[in-house]
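The values are calculated or read from the model by the stated rules, or taken from the named source; none is laboratory data. Keep in mind that what you see is a predicted model, and the values were worked out from it rather than measured. Because the Cβ atoms are built from the backbone with ideal geometry, glycine has one as well, and the counts that use them run over all protein chains shown. Side chains are part of the model used for accessible areas, which takes the heavy atoms of the whole protein and leaves out ligands, DNA and RNA. Shrake-Rupley method; radii C 1.70, N 1.55, O 1.52, S 1.80 Å.
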Amino acid sequence: MPRVTIIETGLVGPRHRERHGSYPEMFKRMIRAEDPSVAFDVVSTLDGAPLPDPGQLQAILITGSPAGVYDPLDWIAPLEDFVRTAYAQRTPMVGVCFGHQVIAQALGGVVRKSEKGWGIGRHTYEVLAGNGLIDGERLAIVAAHQDQVIEPPEEARTILSSEFTPYAGLLYANGVTLSFQPHPEFDADYAHAICQLLEGWAADSVVATAKASLAEPLDSRKLGGLITRFLTRGT
């Protein structure tokens, strides 16, 4: 039975958690839609739980978070060490949003708050040719971020890109590390809730455009299936 260890790095607010679940629960739904046989362990960095030995894990998935990877939080440096160890030991690993950024930072990339501001709603990304993982030319996925990978690590190859987020998907040279800035685990309903939460924080025009964009179809199932296969292909 394939087993994925989810590293929880952020919390959904109580009101929305009741309806949509936690970030690990969203990822469980996403993965089980592709492979119901997958089992899960959840380790929360936020309650001080020690990180496991990556060499003893089948696969790792690092969630999103309201935190920035550059924030002075006690749990970020140990998480970066965990990422570097997992990478060196070639444990299959996927990061999404904050997870995408912390993998990049741990492996030598640069992450910061983008001058482009908030990216929310349905964003469309170009699939770079010859990436070996994603078919087609474009993917439409929910975005919810200000921070971005500004300079990817030397060992990262860009496989998903947009004008707003040039390094939206990264495949790493060890062959078993993959990360994405957008959120395939978010459905349109939760994405709409995020837009509402950002009213007064993001520009009114950005929020309005993001809400309207969510009426269009998303490719979340396609990207979620890819992530599931990537994490479980060696089991």
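Quick look at the numbers
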read-out: Pick from the range 4-14, criterion touching a helix residue (DSSP H, G or I) at 6+ places or on another chain (Cβ under 9 Å) and either over 22 Å from GLN101 (Cα atoms) or open to solvent by 10 Å² or more (accessible area, probe 1.4 Å) (or both), ranking: modelled with the highest pLDDT; value: GLU8
read-out: Odd one out for VAL142, checked against (1) in a loop (DSSP other than H, G, I, E, B); (2) open to solvent by less than 20 Å² (accessible area, probe 1.4 Å); value: (1)
read-out: Selection from the range 120-137 of residues that are among the hydrophobic types (A, V, I, L, M, F, W, C) and in a loop (DSSP other than H, G, I, E, B); value: LEU128, ALA129, LEU133, ILE134
read-out: Helices (runs of 4 or more DSSP H) wholly inside the range 168-235 that include at least 3 residues being surrounded by 23 or more Cβ atoms within 10 Å (Cβ to Cβ) and aliphatic (A, V, I, L, M); value: 220-232
read-out: Pair list, Cβ under 9 Å, 6 or more apart: the range 9-29 residue without any contact (Cβ under 8 Å) to a residue 24 or more places away in the chain, other residue assigned to a helix (DSSP H, G or I) and of a type in the set (Lys, Arg); value: GLY21/LYS28; GLY21/ARG29; GLU25/ARG17
read-out: Within the range 152-167, considering residues that are of a type in the set (A, V, I, L, M, F, W, C) and buried (at least 19 other Cβ atoms within 10 Å of the Cβ), the one farthest from GLU126 (Cα to Cα); value: ALA156
read-out: Selection from the range 173-190 of residues that are more than 17 Å from TRP118 (Cα to Cα) and within 15 Å of the chain's Cα centre (by Cα); value: THR177, LEU178, SER179, PRO184, GLU185, ASP187
read-out: Residue match in the range 187-199 (condition: in contact with a His (Cβ under 6 Å, 6 or more places away or on another chain) and farther than 27 Å from VAL83 by Cβ); value: yes
read-out: Residues within the range 94-129 that are in contact with a Lys or Arg (Cβ under 7 Å, 6 or more places away or on another chain) and without any contact (Cβ under 8 Å) to a residue 60 or more places away in the chain, tallied; value: 5
